[in-house]
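Structure first, commentary second.
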Amino acid sequence: VKLLQMDIDYYNAANPTAPWGWRVPTSTDFTTLSNYLGGSTEAGGKLKIIGTTLWATPNTGAKNSSGFTFIPGGYRSSVGTNSLINNKGYFHSINGGEYWSCEYSSSNFNNSPWDKTTGFSIRLIKA
């Protein structure tokens, strides 16, 4: 995650008149998003894509009313296996040491500590 942000910063420094305009979100960005969407117990439903083509049944509370279109990418373990695809989606924050997630069976959007050997998705935001 930090290497991606370093690449973005490098590009922006090399192109000061036309910066790329995207960055890795901070924990504060995700907290602000969660609060704006009604808090951690409601935000997940407003972020998740509707239906069960990508999410496992029942995809509780999915509305995608935010337009975020959160899809469940699961995670990649330290030994290289992919797990929980269709059940859970995770996003890194730039802060390191934590991730934000949604799952098929709730409307929650939560953050938790993570093991740095586990791979999650990254969702860039407009700077």
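The values are calculated or read from the model by the stated rules, or taken from the named source; none is laboratory data. No experiment lies behind these values; they were computed from the predicted model shown. Glycine also receives a Cβ, built like all others from the backbone with ideal geometry; neighbour counts cover every protein chain displayed.
Data table
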item: Selection count where residues are surrounded by 15 or more Cβ atoms within 10 Å (Cβ to Cβ) and in a loop (DSSP other than H, G, I, E, B), scope the range 1-18; result: 1
item: Residue in the range 60-75 that is more than 21 Å from A127 (Cβ to Cβ) and outside any loop (DSSP other than H, G, I, E, B) present; result: yes
item: Flag for T32 being in contact (Cβ under 8 Å) with a residue 12 or more places away in the chain and of a type in the set (S, T, Y); result: no
item: Candidate set: the range 79-127, residues that are among the hydrophobic types (A, V, I, L, M, F, W, C) and touching a residue at least 60 places away in the same chain (Cβ under 8 Å); chosen: the one farthest from S27 (Cα to Cα); result: A127
item: Residues of the range 68-105 that turn out to be acidic (D, E) and surrounded by fewer than 17 Cβ atoms within 10 Å (Cβ to Cβ), as a count; result: 1
item: Residue within the range 28-50 that is in a loop (DSSP other than H, G, I, E, B), more than 22 Å from E98 (Cβ to Cβ) and either modelled with pLDDT under 95 or hydroxyl-bearing (S, T, Y) (or both) present; result: no
item: Residues satisfying the stated conditions in the range 81-110, i.e. in a loop (DSSP other than H, G, I, E, B) and polar (S, T, N, Q); result: T81, N86, N87, S93, N95, S105, S106, S107, N108
item: Yes/no for K88 being modelled with pLDDT of 95 or more and touching a Ser or Thr at 6+ places or on another chain (Cβ under 8 Å); result: yes
